[in-house]
1. Specify which of the listed residues (LEU499, LEU544) is open to solvent by 30 Å² or more (accessible area, probe 1.4 Å), touching a Ser or Thr at 6+ places or on another chain (Cβ under 6 Å) and aliphatic (A, V, I, L, M).
2. Pairs, please: C-beta under 9 Å, at least 6 apart or cross-chain, first residue over 28 Å from LEU294 (Cβ atoms) and in segment 102-117, second among the polar types (S, T, N, Q) and surrounded by 13 or more Cβ atoms within 10 Å (Cβ to Cβ)?
3. Answer yes or no as to whether THR302 is polar (S, T, N, Q), assigned to a helix (DSSP H, G or I) and closer than 20 Å to THR72 by Cα.
4. Please go through segment 404-460 and give me each residue that is open to solvent by less than 30 Å² (accessible area, probe 1.4 Å) and among the β-branched types (Val, Ile, Thr), ordered by number.
5. Would it be correct to say that ARG104 is surrounded by fewer than 21 Cβ atoms within 10 Å (Cβ to Cβ), within 29 Å of ASN166 (Cα to Cα) and either in contact with a Phe, Trp or Tyr (Cβ under 9 Å, 6 or more places away or on another chain) or among the hydrophobic types (A, V, I, L, M, F, W, C) (or both)?
6. For a quick check of your reading of the model, give me the residue pairs whose first member lies in segment 236-249 and is buried (at least 19 other Cβ atoms within 10 Å of the Cβ), whose second is in a loop (DSSP other than H, G, I, E, B) and small (Gly, Ala, Ser), with beta-carbon atoms closer than 9 Å and at least 6 apart or on different chains.
7. Determine which member of the set GLN313, GLN344 is open to solvent by 20 Å² or more (accessible area, probe 1.4 Å) and assigned to a strand (DSSP E or B).
8. Collect the residues in segment 368-389 that are aliphatic (A, V, I, L, M) and either open to solvent by 30 Å² or more (accessible area, probe 1.4 Å) or in contact with a strand residue (DSSP E or B) (Cβ under 7 Å, 6 or more places away or on another chain) (or both), keeping them in residue-number order.
Amino acid sequence: MLLRLLISLALFVTVSSTSLISLDLGTEFMKIGIVKPGVPIDIVLNTETKRKTPMTVYIKGDERLFGDTAVTRGEKSPKNAYSNLLDLLGKSIDNPVVTEYKERFPYHIIEADPVRNTVVFRHDDNTFYSVEELLAMQIEFAVLLATKHGEAPVSKVIICVPPFFNQKEREAMLNVAEIAGVQVMQLMTTTSAISLQYAVFRNIKMTEKPMIVLFATVGSQFTTAAVVSYSQIKDKVTKELVNTVQVMGVGYDRGLGSYEMDLRLREHLADKFTEKYPKLSDVRKNGRAMKKLLKEARKVKTVLSANHDTYAQVESLHQDKDFRVKISREDMENLFADIFPRFQAPFLDAINSAGISKPEIEQVVLFGGGTRIPKIQEQILKATEQKELHKYINTDEAAAMGSAFMAASSSSVFRTKQIKLRDANQFPFFVSFNKLVLNEEGEVTETKLVNKELYYRNNGLPQKKAMTYTKFSDDFHFNVSYGNLDYLSEKQTNEFGSLPLMMVNVKGVKDVFNQHHDKTAKGIKAHILVDESGLISVDSVEALFETIVANKTEPGWMDSVSNFFGGNSDEEGEKKEGEAGEEKKEDEKKDEGDKKPEEEK
């Protein structure tokens, strides 16, 4: 492993004394990747010299504890320990994900933020914490660990997010980083980070013929599947072949993970304890005892992934009674019998959205602790129709290592292998506006609501597209929202939240047209970008005119109207009317296979 790390990164000679880090923030654990001049990419060790740190913060008075210490203290006082927070980011208080969290963690008092209607924890009568604040504390702790490990301050960070995070969730993560005081290079999906790590550290030799790999991720809270191609693609500028990692399709179930199994196994252990001591008070009303049982359930699940039976045992569990019971793998699998078949759906969704057949898949590679469970492996094999599964990557660290490589390759300080990464947009973006219907005299007779798909599912990222409005001669507005999500299940749709994203007010149109009344107006062109972090925004808005020069018609940009859009700062986006086209930002041109939006004449 060490040899692969050493050859993966070469460094320029530099006087920089700062480090770049990557954060793989999971539901239960975080992993921190680090890169600094003269040192190969590595994983940061925590204060217990472990390579992964529990995503838990313990708060009591002025005391703040993190990691394993926070977990230990949380067993004695659960209401003071905050964990499993990632899935609450950007959620309204009535989201089913929040409802489920309340059921799983009844000792926390959750209220609605009076302004944003998002989740706020009531810590005591006078203290409240938002999800963003609690996660920011953990990022601050991660930076402290990285600073100590690398013996240098941290300058920038890449943060991994699940591929199904929508706009609000990604914006909330950036707010977390801002509160923590760290500069984010980009948000990177765990699927693309794992895919990149696989290419770099396994030294994949790419050719013009794509090699297709399916990555199976089963984490604590969610399951994802990603179909990825590895090939050499000709650069449209240099005409040279470039090693390219391209995400083709993704499937997911954000409520399907090993944590649900932990909870069921905990309930089974609680039942066994009650059977053994029927005259004692209800063990489920003892929060500290249930925390101990959850910890033991996780241990039992891990052991039974490799063994046929084991013992669950907890000293002084409840009312000074010790607990010990034998559990077999068959017992455990019976508890999860209804869960296992669900693991096929994300893999089938990924294959279908990628537009490939199962025989085209050359390898299925496992990631995440949940993939160690034999029954889950059986379901993955069944869904993909493969003969074997591959464990080429570290199931805990691949995302952190891949995103650390991305941080290095995005910096001018380091020289890395030349690999181009193209992630895929997971949810379609639509633009809606009121189209003007004109009569023969050019007068507006009616308006017609038009909805257009600007970015469709699996569009390559980053990418910039343009919408041209040809009928407007005065101020107007349009809306950007998520488009047709019929491919999601009812449960996924309910978890997704609100579809509208932003409203864009285009102002000053008439004034600009009057200033250039001697030219022929050809419309208003809006440039709309989905960046590396998967966030959509309006890059610029321009007025297009046409002039006659020496009996030649020469279209060109005669005026750039930078103050066209106004209104709410968080509501900016746009679309096309007269023509729809795609642009390139430097080397970000559209890959082969992307389609242009349909034109609205």
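1. On the way: LEU544 fails: touching a Ser or Thr at 6+ places or on another chain (Cβ under 6 Å).
Unique residue meeting the criteria: LEU499.
2. From segment 102-117, the pairs are ASP113/SER130; ARG116/SER92; ARG116/SER130; ASN117/SER92.
3. Details: polar (S, T, N, Q): yes; assigned to a helix (DSSP H, G or I): yes; closer than 20 Å to THR72 by Cα: yes.
Yes; evaluated as a whole, the condition is true for this residue.
4. VAL431, VAL450
5. Working: surrounded by fewer than 21 Cβ atoms within 10 Å (Cβ to Cβ): yes; within 29 Å of ASN166 (Cα to Cα): yes; either in contact with a Phe, Trp or Tyr (Cβ under 9 Å, 6 or more places away or on another chain) or among the hydrophobic types (A, V, I, L, M, F, W, C) (or both): yes.
It is true that ARG104 is surrounded by fewer than 21 Cβ atoms within 10 Å (Cβ to Cβ), within 29 Å of ASN166 (Cα to Cα) and either in contact with a Phe, Trp or Tyr (Cβ under 9 Å, 6 or more places away or on another chain) or among the hydrophobic types (A, V, I, L, M, F, W, C) (or both).
6. Pairs found: MET248/GLY355; GLY249/GLY355.
7. None of the other options fit; the residue is GLN313.
8. Here is the first cut: in segment 368-389, the ones aliphatic (A, V, I, L, M) are 373, 376, 380-381, 383, 389.
Within segment 368-389, ILE376, ILE380, LEU381, LEU389 meet the criteria.
The values are calculated or read from the model by the stated rules, or taken from the named source; none is laboratory data. Predicted model only: the values in this text are computed from it and were never measured. In this analysis, Cβ positions are derived from the backbone assuming ideal geometry, glycine residues included, and neighbour counts consider all displayed protein chains. In case anyone asks, the SASA skips ligands and DNA or RNA and just uses the protein heavy atoms, side chains included. Shrake-Rupley method; radii C 1.70, N 1.55, O 1.52, S 1.80 Å.
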